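What follows is a single structure, and I will ask about it in a moment.
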Amino acid sequence: MLEEQKYYGFTNDEIFGSIMQNKRFCKAIIQAALPDVNVVSIESVDAQKELGTKSDKRSKSIRLDIAVKDKVGNLYDVEMQVNNNHDIGPRMRYYQSSMDRDTLDRGEPYTSLSRTYLIFLCAFDPFGRGKLRYSFHLYDDEDKSIQLKNNAENIIINSKGSGNGDTDLLNLQKLMNDDKIEATGVFKEIQTKIQEYNDDPKRRNLMRTAELRMKEEIAVATRQEARRKDQNTVIAFVTFFKRTQPKISEAEVYSAIKDSVGPDFSLSDGEIREIIHQNLK
């Protein structure tokens, strides 16, 4: 009996990029995320567009999943977020600022900034409130009728949420969750196209590679997070000893740390000693 093949859905990086480069599919997905916006004809779709290195080589670059421009100059960035790294607020802030820097040249007035829509399609609920769609604008803290109209809107679609969304938004949710879409229409076409990709051996190889790449990125991020936590642990030890035992030696701090941390501690002995040396001064 043949082993059942794994189904690669809309959240797979390769599939997501391929689907979104179809302008009609792309428009339907953006429109579903922005039910109150009239999304006009799509002019261009750029997959994996790199931003952040245009004028400052020292700045952190980012790669937009899908950068879209419509016929009237509005810009859309659609990002697929499969894993919750608990950084969605700062991440959206940086993506938004990178989009703005990339579209405004030196000497141009700020009023020349394009209207932007930053859309994060999340396979998790970043706020734990159960909403299907989160929409963010800038308002005065005391009087919500006062809006800072900066022509930027941040949208999060939570595929695990619930709510009385319109049909297209609910179909987008089904698409993200690999749930069957019954009704005919563009979202049914998208799901049919995804099945065609799954049935194509060459496409499956690309999807498998994308999945492995994602797993490696997750592993790297996990290791980096572990190192940050362990660095903070060492600094906390040093800070405590500086306050309680001002005359303690570096060797004594090192010994105390080694006695306290477990075998899974991610920092080497040399790295621990260097952090102690830098912070015990």
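FYI, it's all coordinate maths here, none of it is from the lab. All figures in this text were calculated on a predicted structure; none of them were measured in a lab. Every residue, glycine as well, gets a Cβ built from its backbone with ideal geometry; the counts of neighbours run over all protein chains shown.
Counting only the backbone N, which residues of segment 204-225 are under 13 Å from the spot 7 Å out from the Cα of Q21 toward its beta-carbon?
Residues 206-207 qualify, since their backbone N sits under 13 Å from the label point.
Starting with the highest mean, order 199-211, 24-36 by the number of other Cβ atoms within 10 Å, averaged over the residues of each peptide.
24-36, 199-211
If r is the Cβ-Cβ distance from S97 to N38 and R0 is 30 Å, what FRET efficiency results, to the nearest 0.05?
In this case the efficiency is close to 0.70.
Here is a further query. Order these peptides, 219-232, 151-164, by their mean beta-carbon neighbour count within 10 angstrom, highest first.
Packing order, densest peptide first, comes out as 151-164, 219-232.
Among V68, P201, G270, which residue has its Cα positioned farthest towards the positive end of the charge dipole of the chain, with +1 placed on the Cβ of Lys and Arg, -1 on the Cβ of Asp and Glu, and the dipole taken about the Cα centre?
Highest projection toward the positive end goes to G270.
Along the charge dipole of the chain, pointing to its positive end and built from +1/-1 on Cβ of Lys, Arg, Asp and Glu, which listed residue (F25, T111, I235) has its Cα farthest out?
I235
Compute the distance in nm between two label points, each set 7 Å from the Cα along the Cα-to-Cβ direction, one at Y139 and one at D87.
Distance between the two pseudo-spin positions: 3.0 nm.
Moving on. Compute the helix-to-body angle for 88-103: its Cα long axis versus the longest principal axis of the chain, expressed 0 to 90° and rounded to tens.
60
Go ahead and estimate [θ] at 222 nm for the chain from helices alone: -39,500 (n - 2.57) per DSSP H run with n ≥ 4, summed, over the residue count, rounded to 500.
-15000 deg cm²/dmol
A further question on this structure: Might you report the magnitude of the Cβ-based charge dipole of the chain about its Cα centre, with Lys and Arg at +1 and Asp and Glu at -1, to the nearest 20 debye?
In debye, rounded to 20, the chain gives about 480.
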